[in-house]
Ligand code: HEC
């Protein structure tokens, strides 16, 4: 009886010893048992195991080019509902900045758009431009960031098209928001900063 217990225990310990022997470390999680519990055997577009092993579960795709599950979209195609990204794709050059003056805010300055513009502005822009738009945001006050213009001084020297361009591409020390805000969101913020600083929106005036 005693011997059986001893045998069972030693088999148990031996198994644990072997299981813990997977070469885990760094990015390697070690041996994986029943991997198809973690990774689908069917080709899944959003997951793919990066491995050279041709027999790996959901490894190299044997049908698609480059062994990829997810196909690249055909060149020049635009995802549904994202046409406005193409409308406003311009190179980040001084000439394009000047030409942006011709852009008109395509969305109306409704209460709803201004409210959303304010929300986005307070999230993304206030550390530098401050809630009142005077350019004394927290990181400017802390002395970590120099020379953020007061909208009341700067906006009259540009127009909403160039404001939109600078938000999309960034300008000098200011980073780009082209990948953070959709074109519509950028226009909502443009409406809001004009309202915030009490500067009349030149193109809205000229289109009257
Ligand atoms: C990290 C600090 C920082 C953040 C965050 C920031 N800005 Fe700026 N912004 C600047 C600085 C600095 C300038 C002056 C750039 C120059 O003219 O050299 C500037 C300039 C501008 C201008 C004038 C552009 C022009 O063409 O003269 C606009 C409009 C503007 N910012 C809007 C925004 C909006 C909207 C956001 C948020 C989505 C934002 N900024 C976020 C630092 C910032």
statement: Note on residue 139: of the conditions (1) over 21 Å from residue 185 (Cα atoms); (2) part of a helix (DSSP H, G or I); (3) touching a residue at least 24 places away in the same chain (Cβ under 8 Å), unmet is (3)
message: Take the conditions out of contact with any strand residue (DSSP E or B) (no Cβ under 7 Å at 6 or more places or on another chain), assigned by TED's automatic domain parsing to the domain that holds residue 90 and either over 22 Å from residue 88 (Cα atoms) or within 12 Å of the ligand (Cβ to nearest atom) (or both) and apply them to residue 131. Does it pass?
response: yes
query: Checking residue 104 against (1) buried (at least 18 other Cβ atoms within 10 Å of the Cβ); (2) touching a helix residue (DSSP H, G or I) at 6+ places or on another chain (Cβ under 6 Å), which single condition isn't satisfied?
result: (1)
query: Does the range 99-115 include one or more residues that are in a loop (DSSP other than H, G, I, E, B), within 12 Å of the ligand (Cβ to nearest atom) and in the same structural domain as residue 186 (by TED's automatic domain parsing)?
result: no
- prompt: In this structure, does residue 97 turn out to be in contact with a strand residue (DSSP E or B) (Cβ under 9 Å, 6 or more places away or on another chain), farther than 27 Å from residue 36 by Cβ and surrounded by 10 or more Cβ atoms within 10 Å (Cβ to Cβ)?
  reply: yes
Identity of the residue in the range 148-169, free of Cβ contacts under 8 Å to residues at least 40 places away in the same chain and more than 6 Å from the ligand (Cβ to nearest atom), that ends up farthest from residue 123 (Cα to Cα): 157
Test set (1) in a loop (DSSP other than H, G, I, E, B); (2) out of contact with any strand residue (DSSP E or B) (no Cβ under 9 Å at 6 or more places or on another chain); (3) crowded, with 17+ Cβ neighbours inside 10 Å - residue 161 fails condition number: (1)
message: Testing residue 78 on (1) surrounded by 11 or more Cβ atoms within 10 Å (Cβ to Cβ); (2) assigned to a loop (DSSP other than H, G, I, E, B); (3) in the same structural domain as residue 201 (by TED's automatic domain parsing), one condition comes back false. Which one is that?
response: (3)
Condition check for residue 146: assigned to a loop (DSSP other than H, G, I, E, B) and either modelled with pLDDT of 95 or more or surrounded by 20 or more Cβ atoms within 10 Å (Cβ to Cβ) (or both): no
- prompt: When the range 170-188 is examined, which residues are found to be over 15 Å from residue 128 (Cα atoms) and either within 8 Å of the ligand (Cβ to nearest atom) or free of Cβ contacts under 8 Å to residues at least 40 places away in the same chain (or both)?
  reply: 178, 179, 180, 181, 186
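The values are calculated or read from the model by the stated rules, or taken from the named source; none is laboratory data. Quantities reported herein were computed from a predicted structural model and do not represent experimental measurements. Don't worry about glycine lacking a Cβ; one is built from the backbone with ideal geometry, like all the others, and counts go over all protein chains shown.
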